[in-house]
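Worksheet: one structure, shown below.
The values are calculated or read from the model by the stated rules, or taken from the named source; none is laboratory data. Just so you know, these numbers come straight off a predicted model, no measurement behind them. Cβ: placed from backbone, ideal geometry, glycine included. Neighbour counts: every protein chain shown.
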Amino acid sequence: MIRFISVVLIAACLLTLSACRQGTSTPMIEIEGQDIEEGTITFNFTIDKPGWLVLHPATAQGEADTSTVLKKTQIKDAGKYTDIEMNTPEPTSEELTIVAVLYYDDPADGKFTNADPPVEVNGAVVEASFTIPGAPPYVEMTQNVSTNTITIKGLTYQAGLLLVLCPATPEGEPDTSATIKVYEIPYAGPFSITITMPATLDEGDTLFAILHYDNPNDDQFTYVPGGDEDLPVEVDGEVVLDSIVVSG
């Protein structure tokens, strides 16, 4: 499942790095592998003193934006480390470039601060960059017949969107004039809602779940086809929605 990025200081779970240490030499870092689906990045690196492996977003020029820390993990011992895996920040609606930088823990206080200097070799900071592909907003529904419930999962990049549940017209299109339920998604990011099957639906009926903007921002769903309020969210000209045919 795609998951959302929160650009705040996040202390990643500390990794047990000592088991991978193989000795000390010139500091370096390289990307060993990246699993987009699992949201992980694997590093090989060498450091000659205790320090930190820190992930920063990249600036427009491709340099590390050191004012923002996305993830970090402590390196308690000098050494050479292989196959060190970290969780990457969540995908955003646009491609995100991340710069991994090695820092020394200096002063040695076990806390990553602005005072901790980046590791340098011949005057160059020891770093490596990688890219997380952009992920568009989406909605998907699944039905659990045994519990008579429907689970709606999705991803948004704007707080305050409206998730609209409605039946189908005789032509099989969403019938927003007969809205069953409207949920406000109060935050940006992944969401999951589980509901009891609406009593108005019978076996064989089609249920739509559609993302709409709340514009004007009044917490009211006032969309009318051809109007300009609470328009549906679109990606590449296609409305963000999903539908299921109700099973008995």
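All conditions in (1) polar (S, T, N, Q); (2) in contact with an Asp or Glu (Cβ under 8 Å, 6 or more places away or on another chain); (3) surrounded by 11 or more Cβ atoms within 10 Å (Cβ to Cβ) hold for Ser247, with the sole exception of (3).
So which residues in region 235-244 are surrounded by 12 or more Cβ atoms within 10 Å (Cβ to Cβ) and part of a strand (DSSP E or B)? Listed by number, the residues that qualify are Val235, Val239, Leu241, Asp242, Ser243, Ile244. Considering the conditions (1) among the hydroxyl-bearing types (Ser, Thr, Tyr); (2) at pLDDT 95 or above; (3) more than 25 Å from the chain's Cα centre (by Cα), Ser243 is excluded by exactly one of them, (3). Based on this model, can you work out whether Tyr81 counts as in contact with a Gly (Cβ under 9 Å, 6 or more places away or on another chain), buried (at least 19 other Cβ atoms within 10 Å of the Cβ) and not small (Gly, Ala, Ser)? Against the criterion (in contact with a Gly (Cβ under 9 Å, 6 or more places away or on another chain), buried (at least 19 other Cβ atoms within 10 Å of the Cβ) and not small (Gly, Ala, Ser)), Tyr81 does not qualify.
Please find, among Asp219, Asp214, the residue that is surrounded by 20 or more Cβ atoms within 10 Å (Cβ to Cβ), in a loop (DSSP other than H, G, I, E, B) and not assigned by TED's automatic domain parsing to the domain that holds Pro89.
Checking each option against the conditions leaves just Asp214.
Of the residues making up region 96-110, those that are touching a strand residue (DSSP E or B) at 6+ places or on another chain (Cβ under 9 Å) and more than 18 Å from Gln34 (Cα to Cα) are Leu102, Tyr103, Tyr104, Asp105, Asp106, Gly110.
Looking only at residues in region 59-78 that are in contact with a Leu (Cβ under 8 Å, 6 or more places away or on another chain) and not polar (S, T, N, Q), the one that is nearest to Phe112 (Cα to Cα) is Lys72.
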